[in-house]
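The values are calculated or read from the model by the stated rules, or taken from the named source; none is laboratory data. Since the structure is predicted, the reported quantities are computational estimates derived from the model, not experimental observations. With ideal geometry, Cβ positions are generated from the backbone for all residues, glycine too; neighbour counts draw on all protein chains shown.
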Amino acid sequence: MAKIKLTKNELKKQKDSLKMYKRYLPTLMLKKQQLQGEIRTTELRIKDLRAEKEELDEAFKNWVGVFGEKGIFTPGILRISRIKTTQGNIAGVAIPIFQGAEFITAPYDLARTPLWLDVAVEKMKQVILLDLEAQIVEEQRRRLDHELRVTTQRVNLFEKIKIPETRGNIKKIQVYLGDQQTSAVVRGKIAKSGLERAAN
């Protein structure tokens, strides 16, 4: 704890600090609650995305044999050309928001490839989109978690350290100034009675 001056100016400074801490603390607590709510929302979204992906994976089990056909479903048939995101803001935290993706499908001969290839390409796009969105939502949660830790630290700093410390400083200064004032009054009375005795 820093040493404080026992003066009226320091008393005013400490009172102003206390007022500021009390003014900002509710805002920080509100931000903390908002972040906790948003983190719960992202966790639910991640859970939903995983469930959707599991459903698609189950549906894909019917396709596994077809993917094994030689030369039909080549690794380069589907590529991501661009992931589309925008920036959002939650409680002062910049977060990415998933908006989709653009794909490049390698050209293939419709007459020589089986009919299932078009459907397989579309199913693969769905799986990739779910994975990409899950990655973006995970990044949102990571950023929100970081901000929640910082905000919680600030709330604790204000609540458990700064406000009690400042109140203690104010009390200490007030006691000291009160003692000084009492002492001055006593000295004044002693001096006055000394002057009166000297005059008699």
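Could you tell me how many of the residues in the range 74-105 are in a strand (DSSP E or B) and touching a Ser or Thr at 6+ places or on another chain (Cβ under 7 Å)?
Step one: list which residues in the range 74-105 are in a strand (DSSP E or B), which gives 78-90, 93-105.
Going one step further and asking which of them are touching a Ser or Thr at 6+ places or on another chain (Cβ under 7 Å), we end up with 78, 96-99, 102-104.
Matching residues across the range 74-105 total 8.
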Residue in the range 111-147 that is surrounded by the most Cβ atoms within 10 Å (Cβ to Cβ), counting only those that are of a type in the set (G, A, S) and either at pLDDT 80 or above or not in a helix (DSSP H, G or I) (or both): A134
Taking the range 153-200 and keeping residues out of contact with any Leu (no Cβ under 7 Å at 6 or more places or on another chain) and crowded, with 16+ Cβ neighbours inside 10 Å leaves K162, E165, N169
If you take the residues in the range 1-22 that are free of Cβ contacts under 8 Å to residues at least 40 places away in the same chain and within 30 Å of the chain's Cα centre (by Cα), which one is farthest from Q174 (Cα to Cα)? M20
With loosely packed, with under 12 Cβ neighbours inside 10 Å and at pLDDT below 90 as the only criterion, which of T86, T74 stands out? T74
Select from the range 32-69 the residues that are acidic (D, E) and at pLDDT 75 or above and write down the one among them that is nearest to the chain's Cα centre (by Cα). E38
